[in-house]
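Below is one structure; the comments refer to it alone.
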Amino acid sequence: MPIRNEKRCHKVSSKTFFWQGNEACVEAAIVAGCRFFAGYPISPANEISEYMAVRLPKVGGIFMQMEDEIASIGAVMGASWCGVKAMTATSGPGFSLMQETIGWGFMTETPCVVVDVQRVGPGTGQATKAAQGDVMQARWGTHGDYSAIVLSPNSVQEMFELTIRAFNLAEKYRTPVMVLTDEIIAHLREQVAIPPLEKIEIINRRKPNAEDKIFFGLENVAPMPSVGEGFNVAVTASTHDEYGVRFTADPKVHRRMLEAINNKIKKNVNEIAEVETHNVDNCKVGIVSFGCTSRAVYEAVEAAEAKRIKTGHVRLKTIWPFPEKQIRLLAESAERIIVPEMNLGQLYYEVKRVACSSEVVPLNRIGGGEMITPEEILAEILKGE
Amino acid sequence: MAETFSSRNYMRDLRLPFCPGCGLYALSDTFLRAVYELGYKDLSNFIFTSGIGCTSWIPSPYFKADSVHTLHGRSIPPATSIKLLKPNFHVVVFGGDGDIVGIGLSHFIHAARRNTDILVIMGNNMVYGMTGGQVAPTTPYKAPTTTTPYGSFEHPLDAAKLAVAAGAAYVARWTTVHINELKESIKKAIQLQGFRFIEVVTQCPTAFGRRVGFKDVGEMLKWFKENSITVKQAEGMREEDSEGKIVVGEFIEMRRPTLVENVYALLKEVQKSG
């Protein structure tokens, strides 16, 4: 069989590239230090696997296409326990299949990155069309009590930046981190300016000292050994104590461990949750948006301000943990808050919970990957006039 | 090497959790004895993964070793990446029949197909023991279980034959009355390359034996002994005559490029071409 020799290989350097979102995601992962990827074909995330298959071997990394999404995320977890930064990418149906293992990752405190390129669902839905319907799945997709970190890029440039950030947060807090993007950002082609590589902050997990015995369940994040280093580490997602030994009968052990793995996220919301804000403390109408939808919001805000309507905007670069503080700030000045999203209302309920003093209005569109237009958002802003 | 063998030298200071009469004591002990006889004085050259079920508990957390205790049926994919990234270690998977050829069957087939360099040891007790004795893909035809109270109306899966068909490098099946053969098989398998699979037919007196009518563990072991035929004997038998028999022995030993060999050859080639 003739083997096509793939020549597409650009070494990332400090210059400007014209990339697709999925391609930026791959290059960012490599800059962040990702050296293992396992995935299973699914639209619209395929380019991530395809670019990874080309790029990883060139930097000494390993790419595996597994037999399904469950095997893919499983292999990612195994790689992470070898001390290697690892990632997978998928879309809604595959993300659903991965949920049990993502829960294993929370419970065992395994750093890894999961990219969900959202498409229309539920079920097979519209495989090649954008949606934003996985907001809650990314937060609550697996069973039990946990705190998830979910990032949401709104440009190709930000796909690059937030993928690196996802790895950094995963390593710092020893937890799976989700990059919740969508078909629009994933397939969009835009300029990406790469800063000098030495200026990009790269965080690596804390490693144990030779005498360390505690590898789990610390609020300030326990050091993480790798297998094969002589620590005799027992890794299990059954309830375990700080030493990793299974303790499924003791309610106190479970409470203590779960408190620690939740608090390590909850107590650091200010550091983890990034938002972009515009005019939040002096507006009549507010908008809370994320991902591709926020691109239309910029234009709508500009048009509204041209009509002398004071409009505030909070754009979530981190959806979870939910940046309550900034939403509260917006609610203090905005009488109405509009939440446009390409689903039937998910983030809307979260905004409503926090911004209870304002009137919170959903603006939804589903199907066909059609975006909510600036005109529609402007019309919603003007309704209050 | 320690002067005399003691499984305690390889285990954490914990008590194994199995029921009285369980075959997994013998499996755990036989594995460690094989390791000892190969000259390993500890398990520092080994990395274990396992799923959920009684057999999966053998390494996690009882072995004094690195062990990754994964989800039900999902021990093989992490073993795959661990072997790829730590190629100098023996990666051994412990799992039950429900774990390996029930819920995790597709990973098992694909690992054999890839000739993934791992040793999978499957304790086959013919039932879902930990959850109370429900019918398994390995339950004998017509055997009563808690979810087949009138007898199983399904045919069992032959995991060893399946592994051979899928491309495994080494496949053997023994029972808990074939302890010496099992030990020698484990020693051999640890030293071979590629995907190696050893099925160990083991007694579960609690969730299987008493329901199908065995008086005690001794009777179950007697059944294993009297009902076992060798691979060679089975070859000369008609399908219907060998049904219900336990075919023991080595099914295949084959050398072909392994996953680790293939992946690292590719890495070298790609990096050379720049």
Quick check: is even one residue across region A:270-283 more than 19 Å from A:SER147 (Cα to Cα), more than 18 Å from the chain's Cα centre (by Cα), open to solvent by less than 40 Å² (accessible area, probe 1.4 Å) and away from chain B (no Cβ under 14 Å)? yes
With region B:78-185 as the region, which strands (runs of 3 or more DSSP E) entirely inside it contain at least 3 residues that are within 14 Å of another protein chain (Cβ to nearest Cβ), touching a strand residue (DSSP E or B) at 6+ places or on another chain (Cβ under 9 Å) and of a type in the set (A, V, I, L, M)? B:90-96
So which pairs qualify, if the first residue must be in region B:151-166 and under 16 Å from B:GLY96 (Cβ atoms), the second must be polar (S, T, N, Q), the Cβ gap must be under 8 Å, and the two must be at least 6 apart or on different chains? B:PRO156/B:THR138; B:PRO156/B:THR139; B:LEU157/B:THR138; B:ALA159/B:ASN124; B:ALA159/B:THR138
Return the residues of region A:57-79 that are surrounded by fewer than 23 Cβ atoms within 10 Å (Cβ to Cβ) and not basic (Lys, Arg); say none if nothing qualifies. A:PRO57, A:VAL59, A:GLY60, A:GLY61, A:ILE62, A:PHE63, A:GLN65, A:GLU67, A:ASP68
Suppose we keep only residues that are in contact with a Phe, Trp or Tyr (Cβ under 8 Å, 6 or more places away or on another chain), away from chain A (no Cβ under 13 Å) and under 22 Å from B:THR176 (Cβ atoms) within region B:1-20. Which one would you say is least open to solvent (accessible area, probe 1.4 Å)? B:PHE18
Note: among B:GLY39, B:GLY51, just one is out of contact with any helix residue (DSSP H, G or I) (no Cβ under 9 Å at 6 or more places or on another chain) and of a type in the set (Gly, Ala, Ser), namely B:GLY39
Do we have B:GLY23 as within 11 Å of another protein chain (Cβ to nearest Cβ), surrounded by 17 or more Cβ atoms within 10 Å (Cβ to Cβ) and small (Gly, Ala, Ser) here? no
Here are some conditions: (1) in contact with a Gly (Cβ under 7 Å, 6 or more places away or on another chain); (2) closer than 30 Å to B:SER67 by Cα. A:ALA130 meets all but one. Which one does it not meet? (2)
Looking at A:GLY74, A:GLY60, A:GLY83, which one is in a loop (DSSP other than H, G, I, E, B), in contact with a Ser or Thr (Cβ under 6 Å, 6 or more places away or on another chain) and within 10 Å of another protein chain (Cβ to nearest Cβ)? A:GLY83
State whether one or more residues within region B:83-99 are open to solvent by 10 Å² or more (accessible area, probe 1.4 Å), among the charged types (D, E, K, R) and farther than 26 Å from A:ILE62 by Cβ. no
Evaluation of A:ILE102 against (1) of a type in the set (A, V, I, L, M, F, W, C); (2) within 11 Å of chain B (Cβ to nearest Cβ); (3) assigned to a strand (DSSP E or B) (one fails), failing number: (3)
Would you mind finding the one in A:GLN99, A:GLN20 that is among the polar types (S, T, N, Q), assigned by TED's automatic domain parsing to the domain that holds A:ALA138, open to solvent by 10 Å² or more (accessible area, probe 1.4 Å) and more than 17 Å from the chain's Cα centre (by Cα)? A:GLN20
Just the residues that are open to solvent by less than 30 Å² (accessible area, probe 1.4 Å), of a type in the set (Phe, Trp, Tyr) and part of a loop (DSSP other than H, G, I, E, B), please, taken from region B:26-62. B:TYR62
The correct count of residues that are surrounded by fewer than 20 Cβ atoms within 10 Å (Cβ to Cβ) and either over 26 Å from A:VAL179 (Cβ atoms) or of a type outside the set (Gly, Ala, Ser) (or both) in region A:327-345 is 7
Considering each of B:HIS155, B:HIS110, B:HIS178 in turn, give the residue that is open to solvent by 10 Å² or more (accessible area, probe 1.4 Å), closer than 26 Å to B:ILE82 by Cβ and out of contact with any Pro (no Cβ under 6 Å at 6 or more places or on another chain). B:HIS110
Among the residues of region B:34-93, write down those that are touching a Cys at 6+ places or on another chain (Cβ under 9 Å) and charged (D, E, K, R). B:LYS86
Any chance you could count how many residues in region A:369-385 are under 23 Å from the mean Cα position of the chain (by Cα) and open to solvent by less than 40 Å² (accessible area, probe 1.4 Å)? 2
Only one of B:TYR25, B:TYR36 that is at pLDDT 95 or above and more than 16 Å from the chain's Cα centre (by Cα): B:TYR36
Mind listing whichever residues of region B:63-77 are touching a Ser or Thr at 6+ places or on another chain (Cβ under 7 Å), in a loop (DSSP other than H, G, I, E, B) and facing another protein chain (nearest Cβ under 7 Å)? B:THR70, B:LEU71, B:ARG74
Any idea which of A:ALA166, A:ALA127 is over 13 Å from the mean Cα position of the chain (by Cα) and either more than 14 Å from every other protein chain (Cβ to nearest Cβ) or more than 24 Å from B:ARG74 (Cα to Cα) (or both)? A:ALA127
Would region A:159-173 turn up any residue that is open to solvent by 20 Å² or more (accessible area, probe 1.4 Å) and among the small types (Gly, Ala, Ser)? no
Give the residue that is farthest from A:TRP19 (Cα to Cα), with candidates limited to residues of region A:187-232 that are open to solvent by 80 Å² or more (accessible area, probe 1.4 Å) and among the basic types (Lys, Arg). A:LYS213
From the list A:GLY217, A:GLY121, A:GLY105, which one is touching a residue at least 12 places away in the same chain (Cβ under 8 Å) and at positive phi? A:GLY217
Okay, helices (runs of 4 or more DSSP H) sitting entirely in region B:210-274 with 3 or more residues that are within 14 Å of chain A (Cβ to nearest Cβ) and open to solvent by 80 Å² or more (accessible area, probe 1.4 Å), I get B:259-273
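The values are calculated or read from the model by the stated rules, or taken from the named source; none is laboratory data. Predicted, not measured: the structure shown is a model, and the values here were computed from it. All Cβ positions, glycine included, derive from the backbone under ideal geometry; neighbour counts span all protein chains shown. Areas reflect the complete protein model, heavy atoms only, side chains present, ligands, DNA and RNA absent. Shrake-Rupley method; radii C 1.70, N 1.55, O 1.52, S 1.80 Å.
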